[in-house]
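To start, the structure under review is shown below, and the notes come after it.
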Amino acid sequence: VYSAGGNINPTQKIDDVLESWINAGRIYGIQNSENVYNDPRMYTFANMAYAKSLRFGCAYTECDANEAHISCVYNLM
């Protein structure tokens, strides 16, 4: 659940969520020679970067004027 403190821009909030997932890869990086993630902080990045993740979709629902719930799912090959 995200609090916007006012009007919610769902497109911007979804972009923010995806950016935070990508940032895990930038911040923590893969620390082993097998290119396998073993750091739980990399979970969201690993799902996005996984070769068998073909598609994903995100949806949101406004809880009230100031909050929204955003969910994203993956489709694996």
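Restricting attention to the range 25-45, the residues being of a type in the set (Ser, Thr, Tyr) and in contact with a Phe, Trp or Tyr (Cβ under 6 Å, 6 or more places away or on another chain) number 1. Checking the stated criteria, Ala59 turns out to be loosely packed, with under 15 Cβ neighbours inside 10 Å and under 17 Å from Asp16 (Cα atoms). Can you tell me which residue within the range 28-53, out of those that are among the small types (Gly, Ala, Ser) and surrounded by 10 or more Cβ atoms within 10 Å (Cβ to Cβ), is farthest from Tyr74 (Cα to Cα)? That would be Gly29. The condition (being part of a loop (DSSP other than H, G, I, E, B), modelled with pLDDT of 80 or more and not small (Gly, Ala, Ser)) is satisfied by just one residue among Asn38, Asn32: Asn38.
The values are calculated or read from the model by the stated rules, or taken from the named source; none is laboratory data. Since we're looking at a predicted model, the values are computed, not measured. Every residue, glycine among them, receives a Cβ derived from its backbone with ideal geometry; neighbour counts consider all protein chains shown.
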